[in-house]
1. Ranked by Cβ crowding within 10 angstrom, fewest neighbours first, how are THR88, THR169, THR305 ordered?
2. So if I place +1 on the C-beta of Lys and Arg and -1 on the C-beta of Asp and Glu, and nothing else carries charge, what would the dipole magnitude of the chain be about its Cα centre? I want it in debye, nearest 20.
3. Starting with the fewest neighbours, write out LYS107, LYS264 ranked by other beta-carbon atoms found within 10 Å of each beta-carbon.
4. Which value, in debye to the nearest 20, gives the size of the charge dipole of region 322-414 about its Cα centre, when Lys and Arg are +1 and Asp and Glu are -1 at the Cβ?
5. If you work out Cα Rg over 2.2 N^0.38 Å from the coordinates, which of (i) 0.94; (ii) 1.08; (iii) 1.22 do you get?
6. If I stretch the segment between ARG336 and VAL54 completely, what's the gain in nm (0.36 nm per residue apart, minus their alpha carbon distance), one decimal?
7. Within 10 Å of each residue's Cβ, count the other Cβ atoms and sort TYR154, TYR103 from fewest upward.
8. List, in the order given, every pair from LYS51/LYS177; LYS6/LYS114; LYS67/LYS107; LYS266/LYS364; LYS177/LYS316 whose Cα-Cα distance in the structure shown is over 24 Å.
Amino acid sequence: MAESVKIISVFVASPGDVLDERNAVQAVVNELNASLCPSLGVRIEVLRWEKDAVPGFGDDAQDVINKSIGDKYDVFVGILANRFGTATNRADSGTSEEFERAYARFKQDSESVKLMIYFNEEPVSANSLDLAQLSKVRKFREDLSGLGGLYRTYEGIEQFETLFRGHLTKTVVELSKKYASTPMSELDEASLAPDGKSAESSKDDPSNQTFEMADLANLNLSDAEEDFGLLDYAEIYENQNQLMIETLEELTQANERFTQQLTKRKADFERLGAMKPGPGLRTESRRVLKLTAMSFSELSGAIETKLVTLADAREKAFNALTKGISIQAQDFSGEREELEELRNKLAGYEGAATGARENFIALKDSVDALPRMSVELNKSRRELSSSFENLQSEISSHIVSASDIRSTIEGFLE
């Protein structure tokens, strides 16, 4: 008799402005089905209303979707950006109603469904925003915290894909262990439909479907990476991580030079305060203000240039790690030492990045505290403050990515 696999169903709920993320979910699932899942005895299936909802009639369109999708999925993935969606007869939007149904299941049995919520914080043009929609998204986000929820934020599709790949890998491994440790009699009982009918009568429910292991044979990685393993991806990470470390060091050195220049300018201002009023004071004041503005602009330009390098290296580094871990997650016995070393390096990078971020925050506070003295200086100070904010946000993304992957590795090493 052919060996069957357990289906892990993932339902994606979102408004229409995150289509790229919805497609990224499917792309990540395809990767994991080809690499991680066969040896775990599972297969992931994505449920999306646009492909799984059957045309029909109900109280409204969302009611038809609810009946088609059902509530038997294993993982709920909610994704929002700037739109909340169209109200239904029961909730402020279809996405909101889908979350409420999933959350009700979770409250009844916290093991029945995994809830994963993401918010896109990528900047967009103000002209493209619907403020009423954005306000609803923000309220929903605030409400999640009150429900005891932990959501994740991201900036752009690449960062979302990297985050989601790591999160789903960890979730799939956990669920596969749960299924492996559950007696078959309990699995059979759990597969009964809500009305008490046999699993045969509910075979259309995606969570009860099985596939033959032979069906997975045609699922392959891209030709360029089909033979890659953890160590190959780890090497990519090492190269990009070295670039990240060097870039942060260069920024730290630039900040140190700026601090020295700022100390000189403060001394100049103190000297100006002791000078007598007159043409000489005005001339020297303009010179000092111009030098200060130039220092601000120089550091702002350096930060913005290095931000491009940091963002590109971050995406490549952590994307490679999540792919490598997903490939090897089923059996780390042969690379346990390498994994432990990788975990320690990630922890070290988290610490270094956190320290750098704190230094940049302190320097930004010093710049913001300077008095308003001239148009040129005020403009350059505002630009530098904005660059510091962008840098803090980028470094925070590094810390979050490193922490997520380290947490996943620690779960495998337990």
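1. Numbers: THR88 20, THR169 25, THR305 12.
The most exposed by this proxy come first: THR305, THR88, THR169.
2. Details: 48 positive and 72 negative charges, 551 e Å.
Rounded to the nearest 20 debye, it is 2640 debye.
3. Values: LYS107 11, LYS264 14.
If I rank by nearby Cβ atoms, fewest first, I get LYS107, LYS264.
4. Values: 11 positive and 17 negative charges, 126 e Å.
Here the size comes out at about 600 debye.
5. For Cα Rg over 2.2 N^0.38 Å, the calculated option is (iii).
6. On the way: separation 282, 0.36 × 282 = 101.52 nm, distance 4.66 nm.
In short, 96.9 nm is gained.
7. Working: TYR154 23, TYR103 17.
The order, fewest Cβ neighbours first, is TYR103, TYR154.
8. Numbers: LYS51/LYS177 29 Å; LYS6/LYS114 16 Å; LYS67/LYS107 21 Å; LYS266/LYS364 16 Å; LYS177/LYS316 30 Å.
Exceeds cut-off: LYS51/LYS177; LYS177/LYS316.
A short reminder: the numbers here are calculations on the coordinates, not readings from a lab. This structure is a prediction, so every number in the text was calculated from the model and none was measured. All Cβ positions, glycine included, derive from the backbone under ideal geometry; neighbour counts span all protein chains shown.
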